[in-house]
Amino acid sequence: MFHGQLLHKQMHEQQALTQRWQTIASELDASDVQLLAVSKYAPDEAVEILIEAGQVHFGESRAQNLRDRALRWPDCHWHMIGPLQKNKAKYIGRFAAMWHSCDDIDTARAVASHVKGRLLPVLIQVNIADNPEQRGIHPDLLTSFAAELSQVEGLQLAGLMGMAPKGGDLRGSFRSLRNLRDQVFNGSFGILCMGMSNDYRIAVQEGSTMVRLGSTLFGAGRSV
Ligand SMILES: *Cc1c(COP(=O)(O)O)cnc(C)c1O
């Protein structure tokens, strides 16, 4: 491609990304739902475009990438949404604005030992798919896990996170996560983080307070 054509294509992609963000952000804003831009597959240029558009909260699924981006863009809030190995706990304790994927008490203690001078908000990942292959605390064990977690100094239990089963009963599983949130948090005070690109509208109807959007925001081509 000639240089001029390439430039034109890049400008077009930037505008398309900004436009998608504006549409989704205002849709969610109207429902009072927070948008977490899942940037795990997005290149730095795309992150830059969204920051310029006004996005502040980003989700990463790898601890080192989160650290790198938190150092590069310290004014944004970097959320950890992926499975965490204990030996990477320091990156999350030091750099994450929120940890969404907590489902193990030993890892939680390891993360907490690296939190200095603040409380790190933590969501418990709940296995609402009732599929042992998915991550997360089983609903039956949630109350005791929450009690244990709230004893860990440096962490602040802030809500629940869950992923709907692929091809299963989306609405039913979102509804059960909401009920669990209401039970554990005595009403609607806790964060209810549910909904991804393919199911976020249903999640919002079922009371989600934060959705995690990757491919529908950054473009499907970028998220493979
Ligand atoms: C990748 C990822 C997302 C975003 O998925 P999309 O379908 O691209 O919106 C959301 N949540 C978690 C935990 C993820 O790992």
If Gln85 satisfies every condition in (1) surrounded by 14 or more Cβ atoms within 10 Å (Cβ to Cβ); (2) without any contact (Cβ under 8 Å) to a residue 24 or more places away in the chain; (3) of a type outside the set (Phe, Trp, Tyr) but one, which is the exception?
-> (1)
So which pairs qualify, if the first residue must be in segment 153-166 and over 11 Å from Met196 (Cα atoms), the second must be away from the ligand (no atom under 16 Å from the Cβ) and among the β-branched types (Val, Ile, Thr), the Cβ gap must be under 6 Å, and the two must be at least 6 apart or on different chains?
-> Gly154/Val115
Can you tell me which of Val126, Val122 is in contact (Cβ under 8 Å) with a residue 12 or more places away in the chain, in contact with a strand residue (DSSP E or B) (Cβ under 6 Å, 6 or more places away or on another chain), of a type outside the set (Gly, Ala, Ser) and closer than 18 Å to Pro165 by Cα?
-> Val126
Can you pull out the residues in segment 48-60 that are over 15 Å from the mean Cα position of the chain (by Cα) and within 16 Å of the ligand (Cβ to nearest atom)?
-> Leu50
Counting only residues that are closer than 25 Å to Val204 by Cα and either outside any helix (DSSP H, G or I) or touching a strand residue (DSSP E or B) at 6+ places or on another chain (Cβ under 8 Å) (or both), segment 51-84 contains a total of 16
How about segment 186-220: which of its residues are closer than 24 Å to Ala42 by Cα, modelled with pLDDT under 95 and more than 9 Å from the ligand (Cβ to nearest atom)?
-> Gly219
Within segment 32-50, can you find the residues that are part of a helix (DSSP H, G or I) and either among the hydroxyl-bearing types (Ser, Thr, Tyr) or surrounded by fewer than 16 Cβ atoms within 10 Å (Cβ to Cβ) (or both)?
-> Asp44, Glu45, Glu48
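The values are calculated or read from the model by the stated rules, or taken from the named source; none is laboratory data. Just so it is clear, the structure is predicted and the values come from calculations on it, not from any experiment. Neighbour counts are summed over all protein chains in view; Cβ atoms, including those assigned to glycine, are modelled from backbone coordinates with ideal geometry.
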